[in-house]
Amino acid sequence: MYISKRNIVRIISFAIAGVSALSIRNIQLMINNNINSRALEYSYMRAVEELSTAADNINNTLEKQIYAGTPQLQQQLSSKLWLDSASAKAALAQLPIEELQLENTYKFLSQVGNYALSLSEKSANGEKITDDEYKKLATLHDFSDRLCNDMWQLENSINSGEISLSTVASSMTAPEENSPTVTEGFTDFEEGFDSYPTLIYDGPFSDHILEKTPKMTENADEITKKKALERATMCTGINSTDFTQVTEEAGKMPSWVFSDDKGSICCAVTKNGGYISYFLKSRIVNSENISLDEGVKYAQKFLDDLGINSMKTTYYENYNGILTVNFAYNDNDICVYTDLVKVSIALDNGETLGYDARGFIVNHTTRNYPEKRISPIEAQKAVSPMLTVESRQLALIPSKGTQERLCYEFKCKNQEGKHVLVYVNAVTGKEEQILILFESENGTLTM
């Protein structure tokens with residue numbers, strides 16, 4: 001799955017907190033030689049991170065469960081909910097919260113998976129999920145959303161130093177009056193059970209694109225380092241003398257990598273075929289003088305100049321004045337999500353600051369699509385009655401392995417106005433995947 005912005009922030013925050021905690025503890029260790037306390041501190045931090053991750057997974061999967069329209073996908077999501085709730089309970093058990101009575105929190109984590117499993121079994125037996133059961137799933141999702149928010153606040157308190165894990169560790173053996181604990185993060189959630197009855201920015205499926213041997217390079221002729229440098233300068237518009245550093249990149253896509261002394265410019269060219277696989281130029285964008293629509297046009301022109309045709313804009317995001325646009329290959333009105341290209345544009349002057357065609361190089365090939373397909377009307381029967389279909393298109397998506405599946409992509413809207421993408425296999429009619437869109441003025445994220 002794709003990593004959400006929130007998870008990226010969490011990873012960075014925990015990395016910073018870990019370095020800061022390590023520095024503080026090193027001083028304490030020199031004074032107190034308290035190795036056991038340090039180990040306990042990090043075990044708590046790890047448990048909080050695991051609990052937060054499980055809570056996020058529960059929340060996201062529960063929302064998908066509401067929109068799942070077929071027994072197969074409901075069962076798949078229910079199994080994931082059960083595993084995530086078990087992980088959450090295991091993490092919760094590692095935290096110093098013995099003084100709290102967390103019957104409701106444990107009850108929620110236990111019941112959320114079990115209830116989803118019971119609904120999937122009912123659906124597998126040919127019974128329909130009732131409106132009341134859908135409402136109960138929605139209520140569970142509301143509680144999971146609150147748990148995510150409470151855990152997010154707890155993480156922020158730990159990372160800001162408001163709650164000190166090292167003090168918690170020492171107070172477990174020598175309690176002090178008014179010593180901080182991690183219990184604050186659960187109090188509101190525990191007391192709020194009066195009404196109780198579980199992303200992309202990168203575009204859909206981008207985490208699958210680099211798992212295979214590249215189709216465009218496996219039978220291509222090898223080029224020289226000199227020829228690769230010529231292509232790098234042609235792509236970036238940078239003089240060859242500015243590329244003062246040359247390295248080789250191994251792996252499934254061996255490449256020549258050209259960069260400058262400062263590390264602010266980097267361009268990789270595949271040894272086989274001489275394709276520009278990625279390009280990065282690092283600089284600060286201080287103003288936004290062009291619109292997002294204009295930025296998308298700059299990105300499209302960059303692809304046209306490289307001779308990459310038939311690409312369709314899918315999702316984009318503006319972050320700190322840099323617009324990153326995702327393009328998928330348009331194969332006779334079939335949106336091929338596996339053939340992915342990303343272009344980053346500076347919104348101050350339209351300069352191209354980033355380009356990543358590795359997904360395209362890995363997957364692009366001539367395809368033969370199955371001729372025997374179910375009708376769009378038949379496929380739409382798999383869409384949950386909780387969703388309203390707004391549009392549809394044929395799309396090629398990866399399976400859990402490295403295979404591709406032709407699907408109908410239904411863009412839907414839920415009762416709150418949020419957009420949801422539902423993918424139904426165009427051959428079998430099986431509901432393959434659900435993605436939830438998070439849309440803002442700066443772009444669209446998917447989960």
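The values are calculated or read from the model by the stated rules, or taken from the named source; none is laboratory data. Because the structure is predicted, anything quoted here is derived from the model rather than measured. Neighbour counts are summed over all protein chains in view; Cβ atoms, including those assigned to glycine, are modelled from backbone coordinates with ideal geometry. The protein model used for the area step is the full one, side chains on, heavy atoms only, and it has no ligands, DNA or RNA in it. Shrake-Rupley method; radii C 1.70, N 1.55, O 1.52, S 1.80 Å.
What shape does the range 339-447 take by its C-alpha gyration tensor, where a ≥ b ≥ c are the square roots of the eigenvalues and a/c under 1.5 counts as rounded, a/b above b/c as prolate, and the rest as oblate? Since a/c reaches 1.5 but b/c is at least a/b, the shape of the range 339-447 is classed as oblate. Within the range 56-92, name every residue whose backbone N is under 19 Å away from a label modeled 7 Å from Cα of residue 153 along the Cβ vector. Only 56, 59 pass the distance filter. Model label sites at residue 430 and residue 230, defined 7 Å from Cα along the beta-carbon direction, differ in position by 4.9 nm.
Need one value: the accessible area of residue 82 in square angstrom, 1.4 angstrom probe, rounded to the nearest 10. For residue 82, the solvent-accessible surface is approximately 120 Å².
Were the residues from residue 390 through residue 222 laid out at 0.36 nm apart, the gain over their Cα-Cα distance would be 55.8 nm.
How many nm separate the modelled label positions at residue 287 and residue 333, each set 7 Å beyond the Cα in the direction of the Cβ? A separation of 4.5 nm, rounded to one decimal place. Our summary gives the range 225-363 a relative contact order of 19 percent, counting only alpha carbon pairs under 8 angstrom and 6 or more residues apart. For the pair residue 415 and residue 122, a Förster radius of 30 Å applied to the C-beta separation gives a FRET efficiency near 0.85, rounded to the nearest 0.05.
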